[in-house]
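The values are calculated or read from the model by the stated rules, or taken from the named source; none is laboratory data. This structure is a prediction, so every number in the text was calculated from the model and none was measured. Counting neighbours? That spans all protein chains shown, and the Cβs are built from the backbone with ideal geometry, glycine included. Surface accessibility is based on the protein's heavy atoms, side chains included, excluding ligands, DNA and RNA. Shrake-Rupley method; radii C 1.70, N 1.55, O 1.52, S 1.80 Å.
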Amino acid sequence: MGGQGQSARKNISAVVVIGLLIVIAVAYYLRNQNYSVDDSFITYRYAFHLSQGDGLAFNVGEKYYGTTAAGYAIVLAAFKKLASTLHLSLSTQNISVAISTLALLITSLFAFCISARRSTPSLSALLTLGLALSLFTAYSFNEVAGHETYAFLALAFVGVVLASYEKMLAAGIIVAIATTFRPDAVLFAPIICCAYFLFNNLDLRRALSNKQLIQFACGFFLIAIPWLLFLYSYYGRISPGTMDAKKAQILIGGFPTYNISGILGYVSESINWIARAAILVGVGLFGTDLFSNKKSTPTPFIEKQHSFIGLCWLAFLIISISFYISINVTFWRWYGIPAVFSLIIISFCGFCAVAGKKNENLKVNPKTALFIVLCATALLAANIAHIKLWLTSENINPHTKAYYEIAQYLKKAEPEGTVIEMAEPGSFGMQLGPKFTIVDELGLISPGVATALLKGDKTYTNRTYNPKYIVCSWGSPYSACSIPEIILNYDFVGDFDADFWTKFLGHGAKLYRKNTSNLPPLKQYVSDPVLGDKYGIVRQNTDRQTLFVHPGDTPTSFNLETSSLIASPDKTLPVVVAISRGVPDSAVTTGGATAGVTIYLDGKIFKERSVIRVGTSLTVDLPYSQGRPYRFSVDNNGISNSNWVNVSASY
């Protein structure tokens with residue numbers, strides 16, 4: 001009867017835990033179903049094109065290994081095709097978030113298997129639900145929902161757990177699949193083998209003939225070898241080009257570097273203080289158990305399951321961080337998630353160690369049970385407000401809609417598609433569709449760009465791909481928008497999506513179209529500039545027929561050679577001088593944003609000084625002057641505050 005009672009309690013506990021995990025998972029999906037980061041859309045576009053029969057590529061017809069998640073993209077494409085066949089209105093993004101949800105659910109279920117084998121039903125339920133709440137509600141596991149990171153971590157965890165049960169053939173297959181989702185997972189192949197070697201006290205000869213290790217190798221290479229052959233035959237390479245792009249970003253500057261302080265900062269930001277305390281306690285318990293568990297009598301491998309799993313993740317944590325630091329790449333948020341996941345799993349294994357059964361009657365030390373209950377209670381109490389907010393809020397990323405207006409404009413202006421250069425190709429590319437080719441200035445998805453950036457070649461992208469349009473939404477010197485010899489060949493189309501971009505740029509994202517009129521820039525006809533003290537500027541504006549002029553404490557002046565711009569002696573050159581539209585409102589309200597303008601010819605005043613402000617302008621027709629330049633003098637009108645002046649000529 002006692003055995004039946006224990007079995008009944010275990011079954012009831014399992015039903016309750018699994019039910020609660022499913023409820024939490026559904027809440028996670030509903031919260032994140034329409035959320036993704038821009039980087040994820042790169043993989044989504046690969047998957048979408050594959051599902052439509054256009055190949056595993058970001059740009060149709062361009063086979064480039066520009067995603068670390070090619071295997072994940074294939075899975076997404078398969079589910080997208082299935083959804084279309086079943087007439088389900090699920091986007092690629094929805095499907096990917098569902099996979100993230102499933103990944104965290106599977107991780108929690110396999111963790112339950114570990115704790116249930118070692119502890120009482122009540123303690124195993126407590127440990128599992130604590131782990132699940134940490135995963136599903138933590139910032140780290142919501143901030144890139146739909147990203148391949150969660151799926152690869154779940155597969156790696158399942159592979160390690162299967163290896164702990166000595167299901168090595170299946171473990172090898174799962175780890176190899178995880179590697180197609182993210183190359184980092186390849187580390188688990190040697191880690192699992194070395195850990196198994198260590199925990200079973202094998203010597204080299206016995207290891208080489210060990211049935212379990214041979215099965216793992218067979219399972220792993222059964223997937224890995226065909227995968228590598230596919231990558232080489234399809235892309236011409238077996239490693240993604242994204243790593244070159246991450247290295248190039250270091251050269252470009254303005255991006256955080258992957259280093260220890262960055263990882264520690266991310267972990268600290270992503271987990272609140274009570275969760276950090278719980279993880280530290282769990283990691284401490286794991287370390288204590290690992291180094292104190294020296295039994296003279298042999299212990300079955302399954303009894304060391306929690307130690308084996310924890311050690312595998314500890315090794316992955318150390319090796320992966322060391323590898324990324326050694327190759328000097330940029331740090332992105334999803335690079336920190338594996339570190340948080342590893343620490344949570346190691347901590348979970350530490351709590352499993354102290355919650356282990358002490359005898360066949362499932363008796364656990366009462367002090368241990370009380371300690372775990374107190375830890376779980378403190379963790380829950382400190383996170384009630386966070387969990388409530390998590391349950392009642394929807395995760396939304398406005399950044400993925402930041403190019404919507406530009407995309408809509410381009411689809412109307414270029415119904416047959418065209419080539420566009422920009423720096424954030426993910427969601428923009430998905431919105432545009434397969435007819436458009438996106439050229440990535442940062443080199444993630446465009447062949448040759450990252451290599452050129454590493455050589456310091458700033459014009460390679462524009463020179464090679466000859467885009468018809470350029471989108472400007474970042475201010476790096478490596479942006480085409482910051483390179484005069486490029487941008488002067490493009491005409492300004494307009495500002496878009498100002499509601500999103502103004503807080504970052506002070507204006508909307510700018511769109512430029514390649515100039516087809518062959519109009520030379522007005523700056524070409526400027527000579528002998530004298531810049532005012534401190535702030536004086538004379539430069540070409542984004543509009544080819546406009547100069548941007550700024551006086552300093554003293555006037556800024558320059559000659560304008562008009563003869564080449566006037567078709568015949570009986571014609572004139574219309575010129576408009578006005579305050580720039582982009583001048584800050586604060587300057588206007590404080591009396592700034594003004595200037596005085598005087599025009600000379602042959603050293604004599606041609607146009608008396610005129611004061612211009614926002615809403616007023618100076619309009620003048622310059623007669624043919626037989627090769628003699630007109631000289632413009634622009635002063636600050638006594639107020640040095642955002643004296644932004646545009647001088648525009650119609651020619």
Given charges at Cβ of Lys, Arg, Asp, Glu: segment 6-112 dipole, positive-most of Phe110, Ala14, Tyr35: Ala14
³J(HN,Hα) computed for each position of segment 301-308 - Karplus, 6.51 cos²θ - 1.76 cosθ + 1.60, integer Hz, glycine/proline x: 4, 4, 6, 9, 4, 4, 5, 4
Unit charges on C-beta of K, R, D, E only; dipole of segment 191-255, Debye: 60
Rounded percent of accessible protein surface that carbon and sulfur make up, the chain, 1.4 Å probe: 61
Label point distance in nm, Ser268-Ile214, each placed 7 Å from Cα along Cα→Cβ: 5.1
Placed amide H near Phe558: partners under 5 Å, 5+ positions off or other chain: Val530, Phe632
Options (i) -0.64, -1.00, -1.29; (ii) -0.71, -0.96, -1.27; (iii) -0.46, -0.84, -1.23 - which one matches log10 I(q)/I(0) by the Debye sum over Cα atoms at q = 0.06, 0.09, 0.12 Å⁻¹ as calculated here: (iii)
Student exercise, the chain dipole from Lys, Arg, Asp, Glu Cβ charges, in Debye to nearest 20: 2040
Shape call, segment 198-254: gyration tensor on alpha carbons, a/c limit 1.5: oblate
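Rounded to a whole number, what is D in µm²/s for segment 441-577 from Stokes-Einstein with the Kirkwood radius over alpha-carbon pairs (25 °C, 0.890 mPa s)? Numbers along the way, then the final one.
Working: Rh = 17.3 Å.
Stokes-Einstein gives a translational diffusion coefficient of 142 µm²/s.
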18 Å Cα-Cα threshold exceeded, pairs from Lys247/Lys458; Lys401/Lys503; Lys10/Lys367; Lys458/Lys523: Lys10/Lys367; Lys458/Lys523
Heavy-atom surface of the chain, accessible at 1.4 Å and reported per residue (Å²): 44
GluC sites (Glu not before Pro) restricted to segment 100-207 and DSSP loop, no more than 10 other C-beta within 10 Å: none
Neighbour net charge for Phe58 - beta-carbon separation under 10 angstrom, K R +1, D E -1: 0
Interchain or long-range residues, amide H under 5 Å from Asn541's placed H: Thr546, Leu547, Phe548
Helix-only mean residue ellipticity at 222 nm for the chain, each DSSP H run of n ≥ 4 adding -39500 (n - 2.57), per residue, nearest 500: -17000 deg cm²/dmol
Unit charges at the beta carbon, dipole of the chain: most positive-side option, Leu565, Val161, Trp501: Val161
Zone of Val576's modelled label, taken as backbone nitrogen in segment 512-545 under 14 Å from a point 7 Å along Cα→Cβ: 543-545
Efficiency of FRET between Arg613 and Asn515 - r from beta-carbon atoms, R0 41 angstrom, step 0.05: 0.85
Separation in nanometres of the label points that stand 7 Å from Cα toward Cβ, at Leu374 and Phe291: 2.4
Cα→Cβ-extended label distance, 7 Å offset, between Glu561 and Ser586, nm: 4.1
On Cα atoms only, tilt of 70-85 relative to the major axis of the chain in degrees: 90
Rounded Å value of the spacing that divides the Cα centres of segment 112-165 and segment 619-651: 68
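Assuming R0 = 25 Å, what is the FRET efficiency of Thr464 and Val186, from their Cβ-Cβ distance, to the nearest 0.05? List each step's numbers first, then the result.
Details: r = 32 Å, r/R0 = 1.29.
Calculated value: 0.20.
Work out how much length Ala381 to Thr554 would gain on full extension: take 0.36 nm times their residue separation and subtract the Cα-Cα distance, in nm to one decimal. Each step should come with its number before you reach the end.
Details: separation 173, 0.36 × 173 = 62.28 nm, distance 6.51 nm.
Roughly 55.8 nm would be gained on extension.
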Gain in span if fully extended, Leu202 to Ile396, counting 0.36 nm per residue against the direct Cα distance: 64.7 nm
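At a threshold of 8 angstrom on Cα-Cα distance, excluding pairs fewer than six apart, so keeping six or more, what relative contact order does the chain reach in percent?
Working: 1140 pairs, mean separation 75.7, N = 651.
Worked out over the chain, it gives 12 percent.
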